[in-house]
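To start, the structure itself, in structure tokens.
Only the coordinates and a few stated rules stand behind these numbers; no lab work does. Model, not experiment: these values are computed from the prediction. Every residue, glycine as well, gets a Cβ built from its backbone with ideal geometry; the counts of neighbours run over all protein chains shown.
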Amino acid sequence: MGPTNSRTRQSVSSAHTLSSKRTLSLPKPPVDLSFRPDIISHPNFPERGHDSLHARVNRFAEMSYAATTLRTYTSAVNKFVTFCLLHSLLVLDHSQPFGTPGSALLPTVTPTLLCFYMAWLPLNNVERYSSVMLYITALAQWCKARGRPDPRHDPRTQRTHIGFFAVCRGLKRELGAPRPTRYPVTMWHMGVLLKAADQLLPPRQAANIKAATLLAFGAMTRVGEITTSGQTLDPTRHALRSDIEFVPAFGQPKFMRFHIKVSKCDQFRETCTVTVAAAADPSRCPVRAMHRLFQCDPQPQDAPLFNFNKDSDPKRETPGAARVDKFRKLCSDLFEFAGVQDMGHLRTHSFRQGGATALLAAGAPTWVIKVMGRWKSDAWHAYACVDVDQLRIWSTRMFMGSAEPVDYAAHPPQRIMDYC
């Protein structure tokens, strides 16, 4: 909850002045930034040790956010603390010793204050509209966790505040420059990329990028599911050699299973296993490419699944060998080497988009596309692209229908929705 009248308050002033386009490194006062709700208590359930119902309830409440989400949100709320510190908005609570969490309090976050905070963010290295919205979402979630009202809503109507809505639209016009449209990777793109890898790269590096791109296309993976984001390797999150299983045996696999530990839409980190079958064309077969990788570049089971470093690199075997930036650069270099003209529209996510497009062109039912792409909604519509050849076929079939006379008076037409 916000500061109450019983607490002694003192405004915390700051002599720092605002400087646009400059990273601020100010000492943070002891504000409680935890997303843990205020202690849930009940007189009939007193706290009696770690196994009490009181302790269990509050432990579950602390687990409501995933660890990665919690780190992101906490870092974002820290930005709001800086904003409050610069503009003398923080208050002290003298009922608690200074320096302890909670001895400095954030002000009540009103829609008006939120608008000023949004206008301040682009002046301090938050230059994308999507990033601004992430900071706002984090602050709103913190307010909810601490029992405060959602600052995005008008307290009278409990709907989106008109001022907040207007500032959002203005920021989107100012910062939301449209990115180039992302195009799917097609089988032609895959062919030229694989051929360029054999021509341009040393054997082990070529085997890694070929297996990685074919897996990304065939399993419709997100790039974060097959790469790492930094110099450290987290076995609980990142893809390892042990996450690949060849079936029925390593010697002659007919398909393979890929165990994904962490996925974007896997809210409860339940993990999943994706099955990828062997393709008829051996040059574009993800199973054969992965099998070839395991043969020519053997690694321990706890090593990263891929290694995008050069064969001659003295520090080739490092935890950061599977970083996403290395994967992105290799793909870009190979497409450029092959003379592909759509470089500005092809991204790492284009492989997932290309897999969905290929399934649609192959005539796969919608449920197959959703299952194989792990979509729980119809979001795959934003990925799959229309195959012009399929449109031509259906356009021709339009005129192959019955030309028998129709009597609507005796037999009125039935709409599809009448049967649903």
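For the chain, build the charge dipole from Cβ charges (+1 Lys, Arg; -1 Asp, Glu) around the Cα centre, then report which of Ser283, Cys115, Val340 sits farthest towards its positive end. So the residue we want is Cys115. Among beta bridges from DSSP that stay inside the chain, the antiparallel ones total about 90%. In this label model, Ala379 and Val57 are separated by 3.4 nm, measuring between points 7 Å along each Cα→Cβ vector. Connecting C-alpha atoms closer than 10 Å in a GNM of the chain, tell me which of Ala196, Ala219, Ala280 has the biggest fluctuation. Per the Cα network of the chain with a 10 Å cutoff, Ala280 tops the list. Rounded, prolate or oblate: which one fits segment 185-308, using the alpha carbon gyration tensor with axes a ≥ b ≥ c (rounded when a/c is under 1.5, else prolate when a/b beats b/c, else oblate)? Verdict is rounded for segment 185-308.
From the largest down, segment 118-170 spans 31, 24, 15 angstrom on the principal axes of its Cα atoms.
What ranking do 254-263, 229-238, 135-144, 407-416 get when scored by the average of other Cβ atoms within 10 Å per residue, highest first?
So the peptides 254-263, 229-238, 135-144, 407-416, ranked by packing, come out 135-144, 254-263, 229-238, 407-416.
Counting other Cβ atoms within 10 Å, keep those with at most 10, restrict to DSSP loop, and tell me which trypsin sites (Lys or Arg not before Pro) in segment 323-392 are left.
Lys376
Relative to the longest principal Cα axis of the chain, at what angle does helix 67-86 sit, 0 to 90 degrees, rounded to 10? Tilt relative to the chain: about 40 degrees. Its convex hull of Cα atoms gives the chain a direction-averaged projected area, equal to a quarter of the hull surface, of 33.0 nm². Dipole check for the chain: with +1 at the C-beta of Lys and Arg, -1 at the C-beta of Asp and Glu, and the Cα centre as origin, the magnitude is about 740 Debye.
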